[in-house]
Amino acid sequence: MKFKKMIWLMLFLVCAFMMGGCGAKMDEGTAAEEKSEVAAVETPEVAVAQKEDAHYPVTIQTFNYAKEPIEVTFDKAPEKVFAVYQDSIETLLALGLEERIVACAGLDQDVKDEYKTAFESVNYLTEFSPDKESVIMLEPDFILSWYSYFSDKKLGDVPYWHERNIGTYMMMNSGAAAERTLENEYTDILNLGKIFNVEEKAEALVEEMKSEVAKVAEKANAMDEKPSVLVMEFEKEGIRVYGDNTLGGDMVKQLGANLVVAPENHMSSEDLIFANPDVIFTVYFGSSSSIADGEAATAKFYDDPQYASLIAVQDKTVYAISLGETYCSGTRTLDGILKLAEGIYPSIDQ
């Protein structure tokens, strides 16, 4: 009997031990499930943080005032951006970065309609190009502007800002790059996408532009004849020509037309009459949506008897285009492309 009692006692102890082990495993499983649930809740934030960590540091090529290429490294996305001039401001707005703009200035015209709501929350300064002292007071960590703004008479060269851990970027077609091309506009947008870790938005903007250029160029290449196109601007002395080394000129060439050029990008009225282009785009400084500004620009041709013999005047193919669409154009690059394409190839269905 004692033997049987011992057997029962041993069986009881074994069962108790096994049940304790099972309970421990159940507790471990429950804890693992709870950890998994917590991890699931934290996943979006963790994913964002991991994406940021994986993206930075980012090194971008820009320029100093001597037009020498330099590299600027960003360990994180700038949080207090000071932006000056139309394309700088509108590109930031297009990329959804309005909350990062500590202040901005230098608009030639109202921002594009699609950015107006975002622009309402931005601190816009009334002074067209604030001086160095005003900018220092803003305590920015990044300055985005044109080449000319980094002169000694304005902000001063970029080393001054880099020594204070303030990053800079010059829009390439503002005079920083040796060649002013359509590709530079793409590069500016893509570089800003990298700096702020919004590459998908930047790539989408650029792809839309490239797609439109390719579509028009393909149709233009199928045409038997390509028109000669002059992009120009009236100056106090003569006519400024947007030739090979200009954004407006590169746009025309990318669209497959024959660009009219001139020595040192300058011609007289007599030179223009001799060139007699099929299509003329006269560049004006003002709002791209202003009918009055556009009509005033074309009237210089249509109302002047000396230009009456021009093919473009007789065929009514003199068009107005704003400076913001043909010079350091940023997000208005697509507007410029479409306007040029419509005037050069009115018969092409775009």
- Residues located in segment 178-226, provided they are polar (S, T, N, Q) and either part of a helix (DSSP H, G or I) or at negative phi (or both): Thr181, Asn184, Thr187, Asn191, Ser211, Asn221
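Identify, from the list Glu199, Glu179, Glu225, the residue that is closer than 20 Å to Arg100 by Cα and surrounded by fewer than 20 Cβ atoms within 10 Å (Cβ to Cβ). Let's see the steps before the verdict.
Values: Glu179 fails: closer than 20 Å to Arg100 by Cα; Glu225 fails: closer than 20 Å to Arg100 by Cα.
One residue alone meets the criteria, Glu199.
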- Among the candidates Ser228, Ser268, single out the residue that is free of Cβ contacts under 8 Å to residues at least 40 places away in the same chain and touching a strand residue (DSSP E or B) at 6+ places or on another chain (Cβ under 9 Å). Ser268
- Note on the structure: Scanning segment 201-235 for residues that are modelled with pLDDT under 90 and of a type in the set (Asp, Glu), the one farthest from Thr333 (Cα to Cα) turns out to be Asp224
- Task: Answer yes or no as to whether Ser309 is part of a loop (DSSP other than H, G, I, E, B) and modelled with pLDDT of 95 or more.
- Result: yes
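Can you go through Arg164, Arg180, Arg100 and tell me which one is among the basic types (Lys, Arg) and within 18 Å of Thr59 (Cα to Cα)?
Working: Arg180 fails: within 18 Å of Thr59 (Cα to Cα); Arg100 fails: within 18 Å of Thr59 (Cα to Cα).
Of Arg164, Arg180, Arg100, the one residue that is among the basic types (Lys, Arg) and within 18 Å of Thr59 (Cα to Cα) is Arg164.
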- Working carefully through the options Glu208, Glu218, Glu203, find the one that is over 19 Å from the mean Cα position of the chain (by Cα) and among the acidic types (Asp, Glu). Glu218
- Task: Return only the number of the condition from (1) among the aliphatic types (A, V, I, L, M); (2) in a strand (DSSP E or B); (3) assigned by TED's automatic domain parsing to the domain that holds Tyr169 that Leu230 does not satisfy.
- Result: (3)
- Item | Matching residues, segment 265-294, being assigned to a helix (DSSP H, G or I) and either over 29 Å from the mean Cα position of the chain (by Cα) or among the aromatic types (Phe, Trp, Tyr) (or both) | Ser269, Glu270, Asp271, Leu272, Ile273, Phe274, Ala275
- Message: Name the residue that is surrounded by the most Cβ atoms within 10 Å (Cβ to Cβ), counting only residues in segment 256-307 that are in contact with a Phe, Trp or Tyr (Cβ under 9 Å, 6 or more places away or on another chain) and farther than 24 Å from Gly324 by Cβ.
- Response: Tyr307
- Would you say Gly336 is in a helix (DSSP H, G or I), modelled with pLDDT of 95 or more and surrounded by 16 or more Cβ atoms within 10 Å (Cβ to Cβ)? no
- Residue that is farthest from the chain's Cα centre (by Cα), among those in segment 94-110 that are without any contact (Cβ under 8 Å) to a residue 40 or more places away in the chain and assigned to a helix (DSSP H, G or I): Glu99
- Residue by residue through segment 308-332, note down the ones that are more than 18 Å from Glu233 (Cβ to Cβ) and crowded, with 20+ Cβ neighbours inside 10 Å. Gly330, Thr331
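The values are calculated or read from the model by the stated rules, or taken from the named source; none is laboratory data. Note that the structure is a prediction, hence the values are computed from the model and not measured. Quick reminder, even Gly has a Cβ in these numbers, built from the backbone with ideal geometry, and neighbours come from all protein chains shown.
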